[in-house]
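Heads up, the thing below is written out as structure tokens.
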Amino acid sequence: MSTTTRRPATTRAHRARIAADAMPVLVVQTLVLGGVWASAIVVSFTGLVAAAGWANINGGQRFGVPVFIDGILVGASIAYLVARERHDRASAVIALGAMAGFAGLSIMGNATHALAGTATGVQRITGVALAVAAPLAVLVTTELLARTVIAPPPPPKVAPAPAVARAAAEATAVTIPTPAAAEAISRPARRVTTPRPTPALGADRDAQRAEVTRLVAEGLSRSAIADAVGVPLSTVKRWATAAPASEVVAV
């Protein structure tokens, strides 16, 4: 009799076919945007050449009008990309101002050239929109190129909260006791007793006995007298018993 063992079914993780941030994707996107950017400049070239005649610019000089207008758009676009890479905000603002101003001039020239055509109605409106779209495409593709080829700045580091920083500092400041210190901690504390002073001899002995007699006369307890004078309790009892009653009363 043969037995067959079933293997558990394994699920394969889904993998994206194309990584969104892969280098080939970025290269294709850059080429497409660059082509659109160049085509928009070429389309606006014809309208600006025709608009140059309205400024009484004749002959071959008419081609200079789209060259310097679209040339500033090209130069300002490149300057804007460089300023974004260097994080130079002032230069980026200047480049954007130049792009906006000359793009507006290009829009006006192309729109006027489209309005001078023979088309009417919806066809005329469509022609004006197409002529105006060319300078706008230059601005849009410039911003998209900047966001594609320039990496964003890293996010700022957030400082930890004071309580978290304090807890981390306390956690790192934990010390491990040495074997001697651990043994001292585990060893029970010894009871410290203060030795009683030994009774004095001679004159000191007589002074202590007189002090005991005086305190007995004041009604102090025997144990309190022993602590105050510094003699054993048995000695205090013996001196108090041996003291004449007249001496106790006199004191």
*Taking ASP88, is it surrounded by 14 or more Cβ atoms within 10 Å (Cβ to Cβ), charged (D, E, K, R), within 16 Å of LEU139 (Cα to Cα) and out of contact with any His (no Cβ under 9 Å at 6 or more places or on another chain)?*
no
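Report yes if VAL128 is β-branched (Val, Ile, Thr), surrounded by 12 or more Cβ atoms within 10 Å (Cβ to Cβ), at pLDDT below 85 and over 18 Å from ARG147 (Cβ atoms), otherwise no.
Criteria not met by VAL128.
Residues are listed down the side, and each one gets a yes or a no for (1) of a type in the set (Ser, Thr, Tyr); (2) in contact with a Leu (Cβ under 9 Å, 6 or more places away or on another chain); (3) surrounded by fewer than 20 Cβ atoms within 10 Å (Cβ to Cβ):
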site	(1), (2), (3)
ALA38	no, no, yes
ILE41	no, yes, no
ALA95	no, yes, no
ALA100	no, yes, yes
ALA114	no, yes, no
THR120	yes, no, yes
THR142	yes, yes, no
ILE150	no, yes, yes
*Restricting attention to region 180-192, does a residue exist that is at pLDDT below 55, surrounded by 11 or more Cβ atoms within 10 Å (Cβ to Cβ) and assigned to a loop (DSSP other than H, G, I, E, B)?*
no
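Taking the conditions exactly as written (assigned to a helix (DSSP H, G or I) and either β-branched (Val, Ile, Thr) or surrounded by 15 or more Cβ atoms within 10 Å (Cβ to Cβ) (or both)), does PHE68 satisfy them or not?
Working: assigned to a helix (DSSP H, G or I): yes; either β-branched (Val, Ile, Thr) or surrounded by 15 or more Cβ atoms within 10 Å (Cβ to Cβ) (or both): no.
No; evaluated as a whole, the condition is false for this residue.
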*Check on ALA95, farther than 15 Å from LEU48 by Cβ, aliphatic (A, V, I, L, M) and assigned to a loop (DSSP other than H, G, I, E, B)*: no
_Qualifying residue in region 103-111 (condition: touching a residue at least 12 places away in the same chain (Cβ under 8 Å), β-branched (Val, Ile, Thr) and over 19 Å from GLU143 (Cα atoms))_ = no
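The values are calculated or read from the model by the stated rules, or taken from the named source; none is laboratory data. Since the structure is predicted, the reported quantities are computational estimates derived from the model, not experimental observations. As a convention, Cβ positions derive from the backbone with ideal geometry for all residues, glycine included, and neighbour counts pool all protein chains shown.
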